[in-house]
Amino acid sequence: MTELLRDHGFSHAETEPVMAVDLLHMNTDLPVSSRLTIHRVCTHEQLLQWLYVCFSECSEEIIRQCFTLYSGLHLDHHSPLRLYLGTIDGEPVATSLLFCGMEAASLRTIFTLPHYRGHGVGAAMTLAALHKARSCGYRIGLLAASSMGSALYRRIGFQAYGTFSVYYVAI
């Protein structure tokens, strides 16, 4: 498959482990930031803040395009897609995304701004999404782990079951 993608102009960007955790037996005894407030994204203003944190390394144009895409999604309380924004003293500093699928809950875009890393912010964002999934009746949590987040996810109880590769094509 890799050769086929390369033959068609795609470049390999990264490969991440796909990990899963039993939500009834996960380790929740981790240090988390006591200063962090976690909000479910429900307004366009919160969505824009979420995008600026999540895509902080991207251009303004990319963020605006993502806003156009994401603002068309239903983010009400009945949606299986839930975006979470973490703030400290009112300043947006972290994101996470929870998708409640048919049989498992998937986490994505768990991101903390560099200045706030190492203080339990990522752990709090991850655990909040996992607790929500468990309270909705899910038993399994899934994610593709970045190298930065792998150690945290293992402490929670995630185990690797495969890999996920990302490829990009130059436009």
| task | Name the residue, out of TYR153, TYR116, TYR161, that is aromatic (Phe, Trp, Tyr), over 15 Å from LEU47 (Cβ atoms) and in contact with a Gly (Cβ under 9 Å, 6 or more places away or on another chain). | result | TYR116
| request: Being in contact (Cβ under 8 Å) with a residue 40 or more places away in the chain, in a loop (DSSP other than H, G, I, E, B) and not hydrophobic (A, V, I, L, M, F, W, C) is the filter here, so list the residues in the stretch 111-135 that pass it. | output: HIS119, GLY120
| remark: Of all helices (runs of 4 or more DSSP H) fully inside the stretch 1-103, the set with 1 or more residues that are closer than 21 Å to ALA124 by Cβ and under 17 Å from the mean Cα position of the chain (by Cα) is 44-54
| Does any residue of the stretch 126-147 turn out to be hydroxyl-bearing (Ser, Thr, Tyr) and over 22 Å from ARG40 (Cβ atoms)? | yes
| request: Kindly list the number of the only condition in (1) touching a residue at least 24 places away in the same chain (Cβ under 8 Å); (2) within 17 Å of VAL53 (Cα to Cα); (3) not in a strand (DSSP E or B) that fails for ARG108. | output: (3)
| task | Of the conditions (1) in a loop (DSSP other than H, G, I, E, B); (2) more than 14 Å from the chain's Cα centre (by Cα); (3) modelled with pLDDT under 95, TYR138 clears all except one; give me its number. | result | (3)
| field | Among (1) out of contact with any Ser or Thr (no Cβ under 9 Å at 6 or more places or on another chain); (2) over 30 Å from LEU4 (Cα atoms); (3) among the β-branched types (Val, Ile, Thr); (4) surrounded by 12 or more Cβ atoms within 10 Å (Cβ to Cβ), the one test that ILE62 misses | value | (2)
| query | Just checking, which of SER11, SER34 is of a type outside the set (Phe, Trp, Tyr) and either in contact with a helix residue (DSSP H, G or I) (Cβ under 7 Å, 6 or more places away or on another chain) or under 23 Å from HIS131 (Cβ atoms) (or both)? | reply | SER34
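The values are calculated or read from the model by the stated rules, or taken from the named source; none is laboratory data. Since this is a predicted model, take the numbers as computed values, not measurements. All Cβ positions, even for glycine, are placed from backbone atoms using ideal geometry, and neighbour counts span all protein chains on display.
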